[in-house]
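Worksheet for the structure shown next.
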Amino acid sequence: MALMTHAHTQAEANYYDMATADQERFDEMMELADVRAENSVFLALMVAAAQIAGLRINYTQEIRRCACSCWCPVIFDPKNPDAHCIEADSYNLGRHQCPRCADDHRETA
């Protein structure tokens, strides 16, 4: 009998650890995802952006770059229970704080 294991997902990445060209490609994927209404295209763009950042995510997962005022470079899963949604209704992606920033200096819209 064959044993199948699932790929482990990496929790976070640092935006500033990426080369400038990769930062630009990441930003482009996130901007495209922000304006896409089709769920399948949105999810494919999430996977592409995650891969650029060096994250391995499942096809149904999403990522965000921390959107707080301290200019945190963390790219993370916004569904992490310790993450904080700053604003959800004005953006397709919403604005989220990473768990560390949410704990240190929780922000509101």
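Some values worked out for this structure:
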quantity	calculated
Region 11-47, residues that are open to solvent by 50 Å² or more (accessible area, probe 1.4 Å), closer than 11 Å to Asn92 by Cβ and aliphatic (A, V, I, L, M)	Leu32, Val35, Ala37
Residue list for region 36-51, filter: more than 22 Å from Met18 (Cβ to Cβ) and assigned to a helix (DSSP H, G or I)	Asn39, Ser40, Val41
Enumeration of residues in region 56-99 that are of a type outside the set (A, V, I, L, M, F, W, C), under 17 Å from Tyr16 (Cα atoms) and in contact with a strand residue (DSSP E or B) (Cβ under 8 Å, 6 or more places away or on another chain)	Arg64, Arg65, Pro73, Gln97
Looking only at region 69-103, and only at residues there that are surrounded by fewer than 19 Cβ atoms within 10 Å (Cβ to Cβ) and of a type in the set (S, T, N, Q), the one that is farthest from Leu45 (Cα to Cα)	Ser69
Given (1) under 14 Å from the mean Cα position of the chain (by Cα); (2) modelled with pLDDT of 95 or more, number of the condition Asn92 does not satisfy	(2)
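The values are calculated or read from the model by the stated rules, or taken from the named source; none is laboratory data. Because the structure is predicted, anything quoted here is derived from the model rather than measured. Note: ideal-geometry Cβ built from the backbone for every residue, glycine included; neighbour counts use all protein chains shown. For accessibility, only protein heavy atoms count, side chains too; no ligands or nucleic acids. Shrake-Rupley method; radii C 1.70, N 1.55, O 1.52, S 1.80 Å.
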